[in-house]
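Notes follow the structure.
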Amino acid sequence: MACVVFDAKRCDAGAGRTRLKLVGENFPAVSNDIKMETLSFAVEADGLTRIYKRGGEEVRALDGVSFRVRDGEFVSIVGASGSGKTTLLNLLGCMDAADRGTLRLAGHEVGAINERARTRLRRDHIGFVFQHFGLMPTLTVHENVALPGLFGRRIWPSRHQKSLDARADELLERVSLAHRRNHRPHELSGGEMQRVAIARSLLNTPRLLLADEPTGDLDSATGESIIELLQELNRDGLTILVVTHNTALAAIAEHQISLRDGRLIQDSTDQML
Ligand SMILES: Nc1ncnc2c1ncn2[C@@H]1O[C@H](COP(=O)(O)OP(=O)(O)OP(=O)(O)O)[C@@H](O)[C@H]1O
Ligand SMILES: [Mg+2]
């Protein structure tokens with residue numbers, strides 16, 4: 001169901017320039033139009049349940065989780081290892097489907113739209129940031145940031161390569177890494193790699209940013225600079241949901257959600273459950 005990039009290679013774009021091309025997977029042109037309405041809730045989860053089958057055994061990774069996130073909120077999701085945080089983020093990012101319950105993203109019921117429409121929703125409106133950065137080692141910093149533009153040909157058609165390049169440069173400026181444009185990921189520090197990953201997540205101007213332990217691989221000072229960047233993006237209007245064990249990051253979130261054994265045990269917008 002999820003789009004996975006296997007690889008990207010450079011091809012000749014004429015006049016001595018090169019351009020990236022995806023290889024390894026066909027990306028269907030998405031025909032359904034999803035009109036994103038300006039609604040007050042970015043996320044409405046009602047009774048989300050996800051049961052994994054492992055051998056003959058069932059693991060109830062999420063069990064009836066309900067909460068709402070307003071547009072523009074900064075939300076932290078906390079809980080012990082195995083409590084269901086990544087499972088929840090995968091559902092919110094349309095990377096996986098719930099076995100029970102309903103999920104509305106910006107007013108669209110995810111279970112009621114077809115797979116192509118879900119792909120488009122994920123591609124155009126949701127940004128992802130992961131603990132281990134997920135950068136492609138063979139590509140430059142600039143190419144890594146531009147990579148999601150290769151999925152969105154309706155946004156960045158090939159004749160607009162220049163605007164894709166310019167957008168990637170603008171985002172590198174935004175995360176203060178313009179001077180590292182032509183470097184490869186292995187030449188960067190952990191904090192720099194995470195800033196590149198954040199810039200990449202912003203390429204298609206998402207409304208919702210989902211981050212799974214974005215400071216998990218960083219020392220505390222570097223983690224702080226990532227927290228500040230996320231705060232700035234949130235002040236600019238981006239809705240952010242971040243899974244974290246980092247107490248500083250959890251504390252700055254205006255809205256905190258706690259999970260235990262797949263159940264929501266606390267939502268700071270409600271009473272203790
Ligand atoms: N693909 C899978 N198949 C079977 N069980 C799974 C699968 N993915 C996760 N689980 C189980 O579901 C439960 C929740 O896992 P999840 O990865 O969501 O936890 P988490 O809160 O993100 O933990 P961590 O803090 O360690 O990342 C765990 O018991 C885990 O073993
Ligand atoms: Mg996890």
note = Inter-part gap, Cα centre of the stretch 216-273 to Cα centre of the stretch 169-202, in whole angstrom, is 22 Å
task = Would you kindly derive the ³J(HN,Hα) couplings of the stretch 219-226 from the backbone phi angles with the Karplus curve 6.51 cos²θ - 1.76 cosθ + 1.60 (θ = phi - 60°), listing them in order in whole Hz, with x for Gly and Pro?
result = 6, 5, 5, 5, x, 4, 5, 6
query = Using 0.36 nm per residue, how much length does the chain from His132 to Lys162 gain when fully extended, once their Cα-Cα distance is taken away?
reply = 7.8 nm
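Highest mean first, what order results for 175-184, 223-232 on Cβ atoms within 10 Å? Spell out each step's value before the answer.
Working: 175-184: 15.8, 223-232: 17.8.
Per-residue mean Cβ counts within 10 Å order the peptides as 223-232, 175-184.
In what order do His186, His245 fall by count of nearby beta-carbon atoms within 10 Å, going from fewest to most? All intermediate terms of the calculation are to be shown ahead of the outcome.
Values: His186 8, His245 14.
Placing the least packed residue first, the sequence is His186, His245.
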query = Roughly speaking, what is the centre-to-centre gap between the stretch 131-146 and the stretch 48-117 when only Cα atoms are used, to the nearest Å?
reply = 27 Å
request  = Please give the contour-minus-distance gain from Ala251 to Ser176: 0.36 nm per residue of separation, less the Cα-Cα distance, rounded to one decimal in nm.
outcome  = 24.5 nm
task = Quote the convex hull volume per residue of the stretch 40-267, based on C-alpha atoms, as a whole number of Å³.
result = 133 Å³
query = Whose amide H sits under 5 Å from the amide H of Asp99, counting only residues 5 or more places off or on another chain, with H placed in the peptide plane?
reply = Thr49, Arg50, Ile51
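Every number here is computed from the coordinates shown, using simple stated rules; none is lab data. Model, not experiment: these values are computed from the prediction. Cβ sites come from the backbone with ideal geometry, for glycine too, and all protein chains shown count toward neighbours.
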